[in-house]
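Working notes for the structure below.
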Amino acid sequence: MNPPDPFLLNGRQILITGASSGIGKACSVLFARRGASLCLFGRDEVRLQETLSLIDNPDNHCSALVDLTDYKHVADAVRRVVKERGPISGIVNCAGISTTLPINATSEEKIEHFLRTNVVGPLSLTKQVLKPGNFAPEGGSIVFISSVMGVAGEKGKTLYSLTKGALISSVRSLAIELANRRIRVNTVSPGVVDSPMSRSAVYSRDDEALDRIRLLHPLGLGEPDDVANACLFLISDASKWITGTNVVVDGGYLAK
Ligand SMILES: NC(=O)c1ccc[n+]([C@@H]2O[C@H](COP(=O)([O-])OP(=O)(O)OC[C@H]3O[C@@H](n4cnc5c(N)ncnc54)[C@H](OP(=O)(O)O)[C@@H]3O)[C@@H](O)[C@H]2O)c1
C-alpha cells in the first residue's frame, strides 16, 4: 500500500483570511482541492461568494464577513465557526494592506491603521483560534503572509516593512510557545505577485516603473498560485518538522 499523501488536507478545517482576493483566494481554491473544509473570512460578500463559486461542494465550507480591525467581531465570528463546524486545524493569515509612502507623508493615524490591519488583527484572530476548544487537539499549522519587505528595504516601504517584519519576528516566538501543542507557526514572504494589491500599487501606473519592479525578480513576477503552493506545503503534514521559519517565495528577489 502507498504511504498517505502528506499534502492532503482531508478532515481539516482551515481558516483563511483575505479569501476574497489574490493570494487568499488562490489558497482557498487549492486547499479545497486537497480535501480541506474551509472557513473563508473577508469583508466583501460578493467577492467572497466569487471565491466560493470556484470551489466544489460549497456545503463543506463556510464564510464570514469580518473586518480584522474589529477585534470583538472577529472573536464572535471565530466562536460561531467553532460552535457550528468544530475545531480549526490551521490558519492562513493572508489579509493585508500595502502602500508606498515616503516617511514625511505618513501620519500617526496611518501607522496605527497599518499596524491594526497587518499585525494586531491577524494576531488577535490567531489568539481567538488558540483558545481552549477552538484549535484541534492533535495540533496543526498557522501561516502568516509577510513579504520580502519584512527583511529588505525599498523607498517608501517603511510602513509596510514595519508590519511585515513584525510578523516574521513574532512568529519565531509564537512557534516556540506552541510547539508543545504540536502547532507549527511560520511566515511566507512573497516578492511581487500579480494580484489586485500589486495592480493598484504606484509602480503599476506606468510601464517603465513596472518593468523596473519586474527586473528586480530574476524569475519575473509571481502568480498567487506560486504563494498558495508554499502555503499548502506549510499547512499540510509535508512540512511537519518545520516551525518558526520564514519561507521566501520571491522569484529570486532576495538572492542578489
Ligand atoms: N501581491 C503582492 O505582490 C504581495 C507581495 C508580498 C506580500 N503580499 C501579502 O500577501 C497578502 C495578500 O495580498 P494579495 O496580493 O492577495 O492582496 P489583495 O488581492 O489586495 O487581497 C487583500 C485581502 O485582504 C483583505 N483585507 C484587507 N484589509 C482587511 C481588513 N481590515 N479586514 C479583513 N480583510 C481585509 C481584503 O479583503 P476585501 O476583499 O474585503 O478588500 C482582501 O481579501 C497580504 O498580506 C500582502 O501584504 C502580497
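Looking only at region 58-74, how many residues end up being more than 14 Å from the ligand (Cβ to nearest atom) and surrounded by 15 or more Cβ atoms within 10 Å (Cβ to Cβ)?
Residues flagged as more than 14 Å from the ligand (Cβ to nearest atom) and surrounded by 15 or more Cβ atoms within 10 Å (Cβ to Cβ) within region 58-74 amount to 2.
If you scan region 235-256, which residues turn out to be away from the ligand (no atom under 16 Å from the Cβ) and surrounded by 20 or more Cβ atoms within 10 Å (Cβ to Cβ)?
Scanning region 235-256 gives S236, S239, T243.
Assuming V193 fulfils every condition listed in (1) within 13 Å of the ligand (Cβ to nearest atom); (2) among the β-branched types (V, I, T); (3) farther than 18 Å from S147 by Cα apart from one, which condition is it?
(3)
For region 36-57, does any single residue satisfy the condition of being more than 16 Å from the ligand (Cβ to nearest atom) and modelled with pLDDT of 95 or more?
Yes, that holds for at least one residue.
Restricting to region 12-35, and then to whatever is assigned to a loop (DSSP other than H, G, I, E, B) and within 21 Å of V185 (Cβ to Cβ), can you tell me which residue is nearest to the chain's Cα centre (by Cα)?
So, considering only residues that are assigned to a loop (DSSP other than H, G, I, E, B) and within 21 Å of V185 (Cβ to Cβ), the one nearest to the chain's Cα centre (by Cα) is G18.
Which is closer than 30 Å to L178 by Cβ and surrounded by 14 or more Cβ atoms within 10 Å (Cβ to Cβ), of L232, L221?
When all the criteria are applied, what remains is L232.
Kindly indicate the residue of region 117-164 that is surrounded by fewer than 18 Cβ atoms within 10 Å (Cβ to Cβ) and of a type in the set (D, E, K, R) and also farthest from N180 (Cα to Cα) among those meeting that condition.
K155
Quick check on A136: is it more than 10 Å from the ligand (Cβ to nearest atom), small (G, A, S) and on the phi < 0 side of the Ramachandran plot?
yes
When the residues of region 107-125 are narrowed to those that are in contact (Cβ under 8 Å) with a residue 40 or more places away in the chain and away from the ligand (no atom under 13 Å from the Cβ), which ends up farthest from G165 (Cα to Cα)?
Ranking the qualifying residues of region 107-125, first place goes to K110.
Considering only region 23-32, I want to know if a residue exists there that is in contact with a strand residue (DSSP E or B) (Cβ under 8 Å, 6 or more places away or on another chain), among the β-branched types (V, I, T) and crowded, with 22+ Cβ neighbours inside 10 Å.
Checking region 23-32: at least one residue is in contact with a strand residue (DSSP E or B) (Cβ under 8 Å, 6 or more places away or on another chain), among the β-branched types (V, I, T) and crowded, with 22+ Cβ neighbours inside 10 Å.
For residues that are assigned to a loop (DSSP other than H, G, I, E, B) and either without any contact (Cβ under 8 Å) to a residue 40 or more places away in the chain or within 11 Å of V248 (Cα to Cα) (or both), tally how many sit in region 139-150.
The total comes to 2.
Which of the residues spanning region 53-89 are assigned to a helix (DSSP H, G or I) and either of a type in the set (D, E) or closer than 21 Å to L8 by Cβ (or both)?
P58, D59, N60, D76, E84, R85
Residue by residue, here is whether (1) over 27 Å from I16 (Cβ atoms); (2) among the β-branched types (V, I, T) holds:
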{"site": "I213", "(1), (2)": "no, yes"}
{"site": "D226", "(1), (2)": "no, no"}
{"site": "I235", "(1), (2)": "no, yes"}
{"site": "V248", "(1), (2)": "no, yes"}
{"site": "A255", "(1), (2)": "yes, no"}
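Yes or no, residue by residue, for (1) at pLDDT 95 or above; (2) of a type in the set (G, A, S); (3) more than 13 Å from the ligand (Cβ to nearest atom); (4) within 15 Å of T126 (Cβ to Cβ):
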| residue | (1), (2), (3), (4) |
| --- | --- |
| A175 | yes, yes, yes, yes |
| L178 | yes, no, yes, yes |
| S204 | no, yes, no, no |
| R214 | yes, no, no, no |
| E223 | yes, no, no, no |
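The values are calculated or read from the model by the stated rules, or taken from the named source; none is laboratory data. Just so you know, these numbers come straight off a predicted model, no measurement behind them. With ideal geometry, Cβ positions are generated from the backbone for all residues, glycine too; neighbour counts draw on all protein chains shown.
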